[in-house]
Amino acid sequence: MSRASIRKEKSFFTKTILPFLAEAQSLCYNQVVMNKTILVLNAGSSSLKFSLLDEKTHAAVISGAAERLGADDAFITIKFNGEKKQMPLAGNKDHTAAIAKLMDELDQRGLKSSIEAVGHRVLHGGAKLTKSMLIDQSVIDEIERCSDLGPLHNPANLKGIYAVQEVMPHIPQVAVFDTAFHQTMPAKAYRYAVPEEWYSKYHVRRYGFHGTSYQYVTRRAAELLGQAPEKTNLVIAHIGNGASVAAIKNGQSVDTSMGLTPLEGLVMGTRAGSLDPAIIPFMMKKLGKTVEEILHDLNHKSGLLGISGISNDHRTLEDTVANNKEGKERAQLALEMSSYRLAKYVAAMMVALPRVDALVFTAGIGEHAAGFRRDVVKNLEVFGYKVDDKLNNAMPGKNNKEGLISQADCPKILVISTNEELMIAEETEELVKK
Ligand code: ADP
């Protein structure tokens with residue numbers, strides 16, 4: 001075949017066939033999702049992440065996020081059919097404006113009428129909201145009361161709920177709480193050793209977070225192990241920008257590293273994790289700062305960012321070390337501290353279990369950072385854990401592969417891709433159908 005005829009065929013393919021296939025695929029999508037979809041929302045103080053899930057296939061039909069809400073340059077990014085579109089927000093540029101814009105975009109694609117319900121990720125359910133709830137005024141009031149315990153997140157989550165009430169008043173809404181899955185913890189794990197009144201009167205206890213992720217990963221791990229979830233014992237490390245670890249006994253949470261708030265436990269992107277509380281008044285005096293300012297430093301200027309002085313992003317630190325860039329020593333220490341602290345907490349979680357069927361890594365770092373997993377497991381060799389380098393380095397690979405990364409005759413280590421959106425959509429669907 002001559003070059004000219006190859007060019008001609010190529011051009012016929014790109015100009016005629018490809019657009020036809022794209023159109024057909026989009027029609028196909030619309031056809032499928034015209035059945036029913038669940039809109040999953042995760043509202044932050046200045047952001048709103050969203051994902052529209054097909055109720056049958058559970059595939060994300062459309063996803064994206066509105067960012068810089070409340071600022072003049074607020075914008076929304078929408079991913080649909082492999083394309084990404086970014087647009088400025090008009091009007092008040094707040095959560096309601098973001099939902100209204102999202103509805104316009106869904107309407108243009110014939111998707112708006114497919115929404116059966118909206119599921120919200122809500123951070124703190126406190127002692128009363130112990131499972132997913134269909135949202136009514138009493139649930140809203142309780143989420144509001146829990147704002148004391150989740151001051152950064154709960155008011156933002158409520159903004160998302162109010163925005164949907166305003167733009168789609170007839171659509172049922174469900175709240176799925178990050179704390180709910182940990183409500184099975186026994187008192188010996190959730191109580192702090194503080195005066196009893198702090199607990200009975202002020203609800204000071206360990207609540208735990210990332211519950212939706214643990215719920216999904218427990219189910220998936222049981223599937224991969226070929227066991228029933230209610231007979232599965234796991235230590236799961238959810239390591240993203242926020243990070244925690246949980247002990248799962250017979251499919252239920254029995255201990256976790258985060259506490260009253262997400263500040264406790266592991267070294268995180270910008271959070272310090274556990275430290276001697278006496279450091280707080282000590283540094284207040286040294287720096288002349290208020291308790292709020294010190295707490296802000298512990299939540300936003302500590303962790304990987306604080307130690308390295310470079311970034312809260314694990315990848316950036318790995319790159320700094322690998323390429324001998326400026327600040328290499330501090331970046332190296334940040335990585336060592338985060339892997340060592342995690343190993344220490346994994347070991348601590350083991351005492352809550354009769355046996356460990358698998359140690360599981362999940363979330364951004366847990367799923368993608370093979371070097372981090374290797375370093376964590378090196379600190380756990382005393383328990384017989386050993387990574388198979390070939391399996392570990394191949395995970396997650398191009399196809400988001402999941403599975404075993406441990407050596408054949410050692411205790412099992414798994415990598416699993418978490419899917420909080422799917423869990424929220426399923427909980428929402430179930431409650432709405434009831
Ligand atoms: P969160 O949901 O808590 O904001 P994620 O679960 O998205 O966080 O995880 C973010 C973290 O995952 C970042 O520190 C990022 O550097 C890290 N990460 C993502 N991909 C990779 C990768 N390929 N290698 C190493 N770290 C990664």
What about N393, is it free of Cβ contacts under 8 Å to residues at least 60 places away in the same chain, open to solvent by 60 Å² or more (accessible area, probe 1.4 Å) and touching a Ser or Thr at 6+ places or on another chain (Cβ under 7 Å)?
no
One residue is enough: does the stretch 270-282 have a residue meeting the conditions within 16 Å of the ligand (Cβ to nearest atom), under 21 Å from K378 (Cβ atoms) and crowded, with 19+ Cβ neighbours inside 10 Å?
yes
Please verify whether the stretch 420-430 includes one or more residues that are within 16 Å of the ligand (Cβ to nearest atom) and in contact with an Asp or Glu (Cβ under 8 Å, 6 or more places away or on another chain).
no
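Kindly indicate whether A24 is of a type outside the set (S, T, Y), at pLDDT 50 or above and on the phi < 0 side of the Ramachandran plot.
Numbers: of a type outside the set (S, T, Y): yes; at pLDDT 50 or above: no; on the phi < 0 side of the Ramachandran plot: yes.
It is false that A24 is of a type outside the set (S, T, Y), at pLDDT 50 or above and on the phi < 0 side of the Ramachandran plot.
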When you scan the stretch 247-265, how many residues do you find that are within 15 Å of the ligand (Cβ to nearest atom) and crowded, with 24+ Cβ neighbours inside 10 Å?
4
Of all residues in the stretch 351-373, how many are more than 25 Å from T270 (Cβ to Cβ) and buried (at least 17 other Cβ atoms within 10 Å of the Cβ)?
6
Give the number of residues within the stretch 370-402 that are within 16 Å of the ligand (Cβ to nearest atom) and basic (K, R).
4
Could you grab the pairs with beta carbons closer than 6 Å, sequence gap of 6+ or different chains, first residue in the stretch 114-141 and acidic (D, E), second one open to solvent by 10 Å² or more (accessible area, probe 1.4 Å)?
E116/K36
Which condition breaks for E367 when tested against (1) within 17 Å of L275 (Cα to Cα); (2) within 12 Å of the ligand (Cβ to nearest atom)?
(1)
Of (1) away from the ligand (no atom under 16 Å from the Cβ); (2) open to solvent by 60 Å² or more (accessible area, probe 1.4 Å), A343 satisfies every one except (2)
Which pairs turn up if I take residues in the stretch 171-195 that are without any contact (Cβ under 8 Å) to a residue 40 or more places away in the chain and look for partners that are in a helix (DSSP H, G or I) and open to solvent by less than 50 Å² (accessible area, probe 1.4 Å) with beta carbon separation below 8 Å, at least 6 apart in sequence or on another chain?
Y190/H182
Can you tell me how many residues in the stretch 305-326 are more than 8 Å from the ligand (Cβ to nearest atom), surrounded by fewer than 16 Cβ atoms within 10 Å (Cβ to Cβ) and over 15 Å from V267 (Cα atoms)?
6
Between residues in the stretch 404-422 that are acidic (D, E) and residues that are outside any loop (DSSP other than H, G, I, E, B) and within 16 Å of the ligand (Cβ to nearest atom), which pairs lie under 6 Å by C-beta distance while being six or more apart or on different chains?
E420/T212; E420/S213; E421/V40; E421/S51
Could you please let me know if T212 is touching a residue at least 12 places away in the same chain (Cβ under 8 Å), away from the ligand (no atom under 16 Å from the Cβ), buried (at least 19 other Cβ atoms within 10 Å of the Cβ) and more than 21 Å from K301 (Cα to Cα)?
no
Listed by range, strands (runs of 3 or more DSSP E) wholly within the stretch 57-106 having at least 1 residues that are free of Cβ contacts under 8 Å to residues at least 60 places away in the same chain and within 26 Å of E429 (Cβ to Cβ) are 60-67, 75-80
Odd one out for N299, checked against (1) under 24 Å from the mean Cα position of the chain (by Cα); (2) under 29 Å from K401 (Cα atoms):
(2)
Inside the stretch 334-349, can you point out the residues that are over 15 Å from A243 (Cβ atoms) and touching a helix residue (DSSP H, G or I) at 6+ places or on another chain (Cβ under 6 Å)?
none
Looking only at the stretch 235-279, count every residue that is under 13 Å from A189 (Cβ atoms) and hydroxyl-bearing (S, T, Y) and tell me the total.
3
Residue satisfying all of: in the stretch 374-389; touching a strand residue (DSSP E or B) at 6+ places or on another chain (Cβ under 9 Å) and not hydrophobic (A, V, I, L, M, F, W, C); surrounded by the most Cβ atoms within 10 Å (Cβ to Cβ) among these
Y385
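The values are calculated or read from the model by the stated rules, or taken from the named source; none is laboratory data. Being a predicted model, the structure only gives us computed values, none of them experimental. Reconstructed Cβ throughout: ideal geometry from the backbone, glycine too, with neighbour counts over all protein chains shown. The accessibility values were calculated without ligands, DNA or RNA, using every heavy atom of the protein model including side chains. Shrake-Rupley method; radii C 1.70, N 1.55, O 1.52, S 1.80 Å.
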